[in-house]
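Structure, as C-alpha coordinates:
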Amino acid sequence: MHKKTLELVILALLGALLVVVQVALASLPNIELVSLLVYLYAKIYGRKAFIPVYVFVLLEGLLYGFTIWWMTYLYVWAILVVLSIVTKHETSTFVCAAVISLFGLSFGLLCTLPTLIIGGPGAAVTFFINGLPFDITHFAGNLLSALVLYYPLYLLMRRLKAVSYGNSI
(Lines give C-alpha, C1' and ligand atoms only; values in the text may rest on other atoms or scores of the structure.)
Protein backbone atom coordinates (compact mmCIF):
# COMPACT_ATOMS: atom_id res chain seq x y z
CA MET A 1 0.00 0.00 0.00
CA HIS A 2 1.26 3.46 -0.85
CA LYS A 3 2.60 5.36 2.18
CA LYS A 4 0.16 8.29 1.86
CA THR A 5 -2.80 5.93 1.42
CA LEU A 6 -1.77 3.94 4.49
CA GLU A 7 -1.47 7.13 6.49
CA LEU A 8 -4.93 8.32 5.40
CA VAL A 9 -6.49 4.95 6.27
CA ILE A 10 -4.88 4.98 9.72
CA LEU A 11 -6.00 8.57 10.39
CA ALA A 12 -9.56 7.73 9.29
CA LEU A 13 -9.58 4.69 11.57
CA LEU A 14 -8.40 6.86 14.45
CA GLY A 15 -11.42 9.10 13.78
CA ALA A 16 -13.72 6.07 13.83
CA LEU A 17 -12.09 4.99 17.10
CA LEU A 18 -13.14 8.33 18.62
CA VAL A 19 -16.77 7.52 17.78
CA VAL A 20 -16.49 4.01 19.21
CA VAL A 21 -15.00 5.33 22.46
CA GLN A 22 -17.61 8.10 22.66
CA VAL A 23 -20.51 5.69 22.13
CA ALA A 24 -19.07 3.14 24.57
CA LEU A 25 -18.98 5.75 27.36
CA ALA A 26 -22.14 7.64 26.36
CA SER A 27 -24.08 6.44 29.40
CA LEU A 28 -21.68 8.29 31.70
CA PRO A 29 -22.39 12.04 31.83
CA ASN A 30 -19.39 13.89 30.37
CA ILE A 31 -16.97 11.11 31.20
CA GLU A 32 -15.16 10.55 27.94
CA LEU A 33 -11.82 9.65 26.41
CA VAL A 34 -12.23 11.65 23.21
CA SER A 35 -10.37 14.65 24.64
CA LEU A 36 -7.42 12.52 25.70
CA LEU A 37 -7.26 10.75 22.34
CA VAL A 38 -7.53 14.00 20.36
CA TYR A 39 -4.72 15.43 22.49
CA LEU A 40 -2.60 12.35 21.78
CA TYR A 41 -3.39 12.37 18.06
CA ALA A 42 -2.15 15.96 17.84
CA LYS A 43 0.97 15.07 19.83
CA ILE A 44 1.79 12.16 17.56
CA TYR A 45 0.51 13.35 14.18
CA GLY A 46 0.64 17.15 14.48
CA ARG A 47 -1.64 18.98 12.03
CA LYS A 48 -2.73 15.67 10.51
CA ALA A 49 -4.77 15.17 13.70
CA PHE A 50 -7.43 17.33 12.08
CA ILE A 51 -8.27 14.37 9.82
CA PRO A 52 -9.42 11.98 12.57
CA VAL A 53 -11.07 14.87 14.40
CA TYR A 54 -13.22 15.80 11.40
CA VAL A 55 -13.94 12.15 10.62
CA PHE A 56 -15.26 11.99 14.20
CA VAL A 57 -17.28 15.19 13.79
CA LEU A 58 -18.84 13.98 10.52
CA LEU A 59 -19.68 10.57 11.98
CA GLU A 60 -21.20 12.20 15.07
CA GLY A 61 -23.43 14.28 12.81
CA LEU A 62 -24.48 11.22 10.83
CA LEU A 63 -25.26 9.30 14.04
CA TYR A 64 -27.00 11.99 16.07
CA GLY A 65 -28.04 14.64 13.56
CA PHE A 66 -26.60 17.89 12.32
CA THR A 67 -28.08 20.17 14.97
CA ILE A 68 -26.79 23.17 16.93
CA TRP A 69 -24.53 21.08 19.18
CA TRP A 70 -22.91 19.59 16.07
CA MET A 71 -21.97 23.05 14.83
CA THR A 72 -19.95 23.57 18.00
CA TYR A 73 -17.95 20.42 17.25
CA LEU A 74 -16.71 22.08 14.07
CA TYR A 75 -14.55 24.47 16.10
CA VAL A 76 -14.34 23.11 19.66
CA TRP A 77 -12.31 20.01 18.79
CA ALA A 78 -10.07 22.09 16.52
CA ILE A 79 -9.24 24.27 19.54
CA LEU A 80 -8.04 21.19 21.41
CA VAL A 81 -5.91 20.11 18.45
CA VAL A 82 -4.29 23.56 18.34
CA LEU A 83 -3.67 23.54 22.11
CA SER A 84 -2.11 20.10 21.80
CA ILE A 85 0.14 21.17 18.93
CA VAL A 86 1.24 24.24 20.89
CA THR A 87 2.31 21.94 23.75
CA LYS A 88 3.63 19.26 21.38
CA HIS A 89 7.10 19.14 22.91
CA GLU A 90 5.75 18.77 26.45
CA THR A 91 5.32 15.05 27.09
CA SER A 92 4.51 15.38 30.77
CA THR A 93 1.38 13.70 32.07
CA PHE A 94 0.69 16.85 34.09
CA VAL A 95 0.74 19.11 31.02
CA CYS A 96 -1.73 16.80 29.31
CA ALA A 97 -3.88 16.68 32.44
CA ALA A 98 -3.88 20.47 32.70
CA VAL A 99 -4.75 21.02 29.03
CA ILE A 100 -7.55 18.49 28.71
CA SER A 101 -9.08 19.07 32.14
CA LEU A 102 -9.24 22.83 31.54
CA PHE A 103 -10.61 22.08 28.07
CA GLY A 104 -13.33 19.95 29.71
CA LEU A 105 -14.12 22.72 32.19
CA SER A 106 -14.41 25.30 29.40
CA PHE A 107 -16.29 23.01 26.99
CA GLY A 108 -19.71 24.46 27.86
CA LEU A 109 -18.43 28.02 27.51
CA LEU A 110 -16.92 27.18 24.12
CA CYS A 111 -20.25 25.69 23.05
CA THR A 112 -22.26 28.83 23.88
CA LEU A 113 -21.30 30.66 20.67
CA PRO A 114 -24.18 29.31 18.50
CA THR A 115 -26.62 29.86 21.39
CA LEU A 116 -25.37 33.44 21.72
CA ILE A 117 -25.83 34.05 18.00
CA ILE A 118 -29.24 32.38 17.77
CA GLY A 119 -30.77 33.19 21.17
CA GLY A 120 -28.84 36.20 22.40
CA PRO A 121 -26.88 36.83 25.61
CA GLY A 122 -29.64 35.67 27.97
CA ALA A 123 -29.92 32.30 26.26
CA ALA A 124 -26.13 31.91 26.20
CA VAL A 125 -25.78 32.67 29.92
CA THR A 126 -28.62 30.27 30.75
CA PHE A 127 -27.07 27.57 28.55
CA PHE A 128 -23.69 28.05 30.23
CA ILE A 129 -25.02 28.04 33.82
CA ASN A 130 -27.21 24.98 33.20
CA GLY A 131 -24.18 23.15 31.84
CA LEU A 132 -21.80 23.92 34.72
CA PRO A 133 -22.38 20.60 36.55
CA PHE A 134 -21.53 18.75 33.34
CA ASP A 135 -18.45 20.93 32.77
CA ILE A 136 -17.23 20.15 36.28
CA THR A 137 -17.76 16.43 35.64
CA HIS A 138 -16.00 16.83 32.30
CA PHE A 139 -13.07 18.50 34.09
CA ALA A 140 -12.79 15.71 36.66
CA GLY A 141 -13.15 12.92 34.10
CA ASN A 142 -10.53 14.42 31.80
CA LEU A 143 -8.16 15.00 34.71
CA LEU A 144 -8.48 11.41 35.91
CA SER A 145 -8.21 9.90 32.43
CA ALA A 146 -5.05 11.93 31.71
CA LEU A 147 -3.41 11.02 34.99
CA VAL A 148 -4.11 7.32 34.52
CA LEU A 149 -4.00 6.76 30.76
CA TYR A 150 -1.92 9.50 29.10
CA TYR A 151 1.57 8.07 29.39
CA PRO A 152 0.74 4.42 28.53
CA LEU A 153 -1.36 5.54 25.54
CA TYR A 154 1.33 8.00 24.46
CA LEU A 155 3.95 5.23 24.41
CA LEU A 156 1.56 2.85 22.65
CA MET A 157 0.63 5.36 19.95
CA ARG A 158 4.26 6.30 19.30
CA ARG A 159 5.13 2.63 18.95
CA LEU A 160 2.15 1.93 16.68
CA LYS A 161 3.08 4.86 14.46
CA ALA A 162 6.67 3.67 14.21
CA VAL A 163 5.59 0.12 13.38
CA SER A 164 2.96 1.28 10.87
CA TYR A 165 5.05 3.85 9.05
CA GLY A 166 8.61 3.02 9.91
CA ASN A 167 10.76 5.73 11.48
CA SER A 168 10.58 8.04 8.45
CA ILE A 169 7.22 9.62 9.30
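How many percent of the accessible area of the chain is carbon or sulfur, using a 1.4 Å probe?
Taking all protein chains in place, the chain shows 75 percent carbon and sulfur surface.
If you average the alpha carbon positions of segment 116-169 and of segment 77-113, how far apart do those two centres end up, in angstrom?
A separation of 7 Å, based on Cα centres.
Would you mind calculating the relative contact order of segment 5-82 from Cα pairs under 8 angstrom and at least 6 residues apart, reporting the percent as a whole number?
Relative contact order, segment 5-82: 35 percent.
Between G122, G108, G46, find the one with the highest GNM mean-square fluctuation for the chain; connect C-alpha pairs within less than 10 Å.
So, out of G122, G108, G46, the one fluctuating most is G122.
Leaving out ligands and nucleic acids, note down the accessible area per residue over the chain with a 1.4 angstrom probe, in whole Å².
I get 53 Å² per residue for this part.
Can you tell which of I51, I85, I68 shows the greatest fluctuation in a Gaussian network model of the chain with Cα springs below 10 Å?
I68
What relative contact order, as a whole-number percentage, does segment 1-145 give when Cα pairs under 8 Å and 6 or more residues apart are counted?
28
For the chain, what is the mean residue ellipticity at 222 nm derived from helices alone (per DSSP H run of n ≥ 4: -39500 (n - 2.57); sum divided by total residues; nearest 500 deg cm²/dmol)? Let's see the in-between values first.
Values: 7 runs with 139 residues, N = 169.
Dividing the helical sum by the residues of the chain leaves -28500 deg cm²/dmol.
The values are calculated or read from the model by the stated rules, or taken from the named source; none is laboratory data. Quick caveat: nothing in here was measured; it's all calculated off a predicted structure. With ligands, DNA and RNA removed, areas are computed over all heavy atoms of the protein, side chains included. Shrake-Rupley method; radii C 1.70, N 1.55, O 1.52, S 1.80 Å.
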